[in-house]
1. Tally time: how many residues in the range 54-82 are loosely packed, with under 15 Cβ neighbours inside 10 Å and within 17 Å of Arg12 (Cα to Cα)?
2. Are any of the residues in the range 33-43 loosely packed, with under 15 Cβ neighbours inside 10 Å, in a helix (DSSP H, G or I) and at pLDDT below 95?
3. Enumerate the pairs (first residue in the range 47-69 and over 18 Å from His25 (Cα atoms) and of a type in the set (Lys, Arg); second residue anywhere and surrounded by 13 or more Cβ atoms within 10 Å (Cβ to Cβ) and at pLDDT 95 or above) with beta-carbon separation below 7 Å, excluding pairs fewer than 6 apart on the same chain, so at least 6 apart or on different chains.
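The values are calculated or read from the model by the stated rules, or taken from the named source; none is laboratory data. Just so it is clear, the structure is predicted and the values come from calculations on it, not from any experiment. Note: ideal-geometry Cβ built from the backbone for every residue, glycine included; neighbour counts use all protein chains shown.
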Amino acid sequence: MAAESQTADPRRLEGIVLKLLLDAHPTPVAEADLVRSLDDGTDDVEIGGAVEVAVRGLRDSGLANVADGLIFPTIAAVQLDQLLAD
């Protein structure tokens with residue numbers, strides 16, 4: 001995915017970031033690792049800022065927690081993911 005398409009729609013990027021967090025669960029993920037996962041080599045600053053906004057949106061929505069620089073999905077996000085997978 002191109003960085004431009006990932007950062008163009010903030011809600012879509014929130015979904016991508018949440019999927020990465022759920023895939024890594026129960027291991028928390030550093031924001032820098034999320035940026036590396038999404039980086040296609042075009043603009044680290046743009047991607048980094050967009051990831052920061054996406055993480056903040058997920059946190060404010062109750063879908064992610066941030067502690068000591070690590071990000072992880074909330075219990076509610078994990079349970080919803082499991083329900084939708086069944």
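1. Final tally of qualifying residues: 5.
2. Yes.
3. Close Cβ pairs (under 7 Å, with a partner that is surrounded by 13 or more Cβ atoms within 10 Å (Cβ to Cβ) and at pLDDT 95 or above) do not exist here.
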